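First the structure, in the form of structure tokens, and then the observations on it.
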Amino acid sequence: MSTQTARLTTRLAPHVQEKLQMAADLMGATLNQFLVQAALEKAERVIESEARICLTRRESLRLLELIENPPPRNEKLKSLMADYEKRRADDSDSSFDWSP
């Protein structure tokens, strides 16, 4: 059973490689294992921080208020909505999915 893998190549200054190797040795891992694990942990933190919105109590109450009682539509919004609807109608035979 074969598993496909990708290769990542990078250039490092010698002092950076030495520091990374020292950390890998302390963890009992190869340099490659250490780098992949560290990069994966960092990627997960970045993705999580971008996927979550943290609001104060005041901000969350304001957001709920705006959702429940939105302000009236101004002319700019009405114009943008009309433009959106026109584009949807013009591309009715397109394969692009306009649904929100």
Computed helical MRE - 222 nm, the chain, DSSP H runs ≥ 4 contributing -39500 (n - 2.57), nearest 500: -21000 deg cm²/dmol
Mean Kyte hydropathy of -0.5 or more with a Cα span along the axis of at least 27 Å, helices from DSSP in the chain: 31-51
Alpha carbon Rg of the chain, scaled by the compact-globule rule 2.2 N^0.38 Å: 1.98
To the nearest 0.05, the calculated FRET efficiency linking residue 85 and residue 44 through their beta-carbon distance, R0 being 35 Å, is 0.30
Neighbouring Cβ atoms within 10 Å as the yardstick, rank 52, 7 fewest first. 7, 52
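Coordinate-derived values only; no laboratory data. Treat the numbers as computed from the prediction; the structure is a model and nothing was measured. Reconstructed Cβ throughout: ideal geometry from the backbone, glycine too, with neighbour counts over all protein chains shown.
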